[in-house]
1. Consider region 250-287. How many of its residues are surrounded by fewer than 17 Cβ atoms within 10 Å (Cβ to Cβ) and among the small types (Gly, Ala, Ser)?
2. Would you please name the residue that is nearest to the chain's Cα centre (by Cα), looking only at residues in region 354-399 that are among the basic types (Lys, Arg) and under 30 Å from VAL175 (Cβ atoms)?
3. Could we say that ASP165 is in contact with a helix residue (DSSP H, G or I) (Cβ under 9 Å, 6 or more places away or on another chain), among the acidic types (Asp, Glu) and within 23 Å of TYR50 (Cα to Cα) here?
4. List the strands (runs of 3 or more DSSP E) that sit entirely inside region 1-98 and contain at least 1 residues that are charged (D, E, K, R) and more than 22 Å from PHE339 (Cβ to Cβ).
5. Would you be able to tell me the number of residues in region 120-152 that are buried (at least 23 other Cβ atoms within 10 Å of the Cβ) and under 30 Å from LEU24 (Cβ atoms)?
6. Quick one: count up the residues across region 15-32 that are among the β-branched types (Val, Ile, Thr) and at pLDDT below 95.
7. Within region 182-219, how many residues turn out to be acidic (Asp, Glu) and buried (at least 18 other Cβ atoms within 10 Å of the Cβ)?
8. Out of everything in region 288-308 that is free of Cβ contacts under 8 Å to residues at least 60 places away in the same chain and more than 13 Å from SER328 (Cα to Cα), what residue ends up being surrounded by the fewest Cβ atoms within 10 Å (Cβ to Cβ)?
Amino acid sequence: MLDKTLVHDVLEAALSTGGDFAELFVEENAKNSINMVNGVVEKAQAGIDYGAGIRIFNGFNAIYTYTNDTSREHLIKTAKIAAGAIDKQGRVVARPLLEAAAIEGIHVCKIPPGMVRKSQIVAMLREAHKGASGLSPLITQTAMIYMDSTQNVLIANSDGLWAEDKRIRTEAGIVVVASNESEKQEAFFHPGRLCGFEFYDRINFAELGKNTANIALTMLSAGLCPGGKMPVVIDNGFGGVILHEACVHGLEATSVAKKASVFADKLGQKIASDIVTAIDDGTMPNEWGSLTIDDEGTKTQRNVLIENGVLKTFLIDRLNGLKMGMSSTGSARRESYRFAPTSRMTNTFFVNGNDKQEDIIADTEYGLYAKKMGGGSVMPGTGEFNFAVTEAYLIRDGKIAEPVRGATLIGKGNEVLMNIDRISNNFAMEQGFCGSESGSVPTNVGQPMIRVKELIVGGEADV
């Protein structure tokens, strides 16, 4: 993307006022998208995002700047302007850039998205629309989206690192709205992978449309959820968002290094039930949140965050690692060259337990069954969270009973972890995006079915 002489000169310019460390991130990202509403294509876009970001460390602080002009003159000028923010005596010399290490190709792409006709993609989305809209006249809107991206990155730094990577991602999204005279209910599904168009060979889009529409219809006819403290059974797949939001945001060095996390001083201590093991693994082949190298050029790895209830590690990027006196865990991520990287999740999940899901339900006399989770938010400093449940049912006498709508889950991450008393063996993952100070990045969440023995359920009335 850029030649080594230029890259080395840019790093030298960045260190010209005495900075401790300099890094150059160059990105070329080709993107395609098709949006369909009610079976009609409303928008199709294609474009290339290209640019470079320069970061300089000064002690525990950093200066970051970016540009989409990568000519020699402009890049060196940009580096010198950034360096001007550091007022030190002397000049630091960048080490010679090393040859890029060979990268093992575990994220195989068999059908590059550019080889696929747009008409084939439109037909695929239309199958989902037909499957959803044909289920009931109460289905009043469908929205489908297809997106793919081919991102090439170059990462070089003053320690001599030279790393390159190619990341091909493809994703589809479906949203279905069911309406009657007084209510609207929405359901969604968002499959995606770090691979090519071959991913869609495993998806029946007509069934996907039907299944998503069925959730919206079920919730449309559901009664209001009662509120109060009760056992909550959270199903597999996207149920893992509770781990993502309520716990692991508090394990990112972005929060931990500032002592702005409830888990900041808990390393080596028991923070969860004995049956809980949680992992963030960026090495999983072709998974949505995976990377070969992170956005600082460090190889991703399998990070065991919690093992049998004990906190084992944090998710750490280079800068926050310096503040904490700890090494990077391959967890630095950014949305694009416009953002400086920081510690972020990849594929984050609870591992399988020994229970069967039917036994967990049968062992619950009364409670809430959260079959499909929605979005949520958390305050890492306190661990307080709030989640929407998009598909929920009451459990009565050990059986799944009537559907309920409007359920929310409210609590603290550290308390939830300690209150998990059952974990099944039906592990699954689902895809989403996570927003933080380094932008929005693709992440997987996952888990088997779990039971939290007591959790506040926000609803219509106390029970």
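The values are calculated or read from the model by the stated rules, or taken from the named source; none is laboratory data. Keep in mind that what you see is a predicted model, and the values were worked out from it rather than measured. Here Cβ is always computed from backbone atoms with ideal geometry, including for glycine, and neighbour counts include all displayed protein chains.
1. Of the residues in region 250-287, 2 are surrounded by fewer than 17 Cβ atoms within 10 Å (Cβ to Cβ) and among the small types (Gly, Ala, Ser).
2. Ranking the candidates gives LYS372 first.
3. No, not satisfied.
4. On the way: elements: 21-37, 40-58, 61-67.
Passing ranges, in order: 40-58.
5. Residues meeting the conditions: 1.
6. Taking region 15-32 and keeping what is among the β-branched types (Val, Ile, Thr), we get 17, 26.
Going one step further and asking which of them are at pLDDT below 95, we end up with 17.
Here the count works out to 1.
7. 1
8. ASN308
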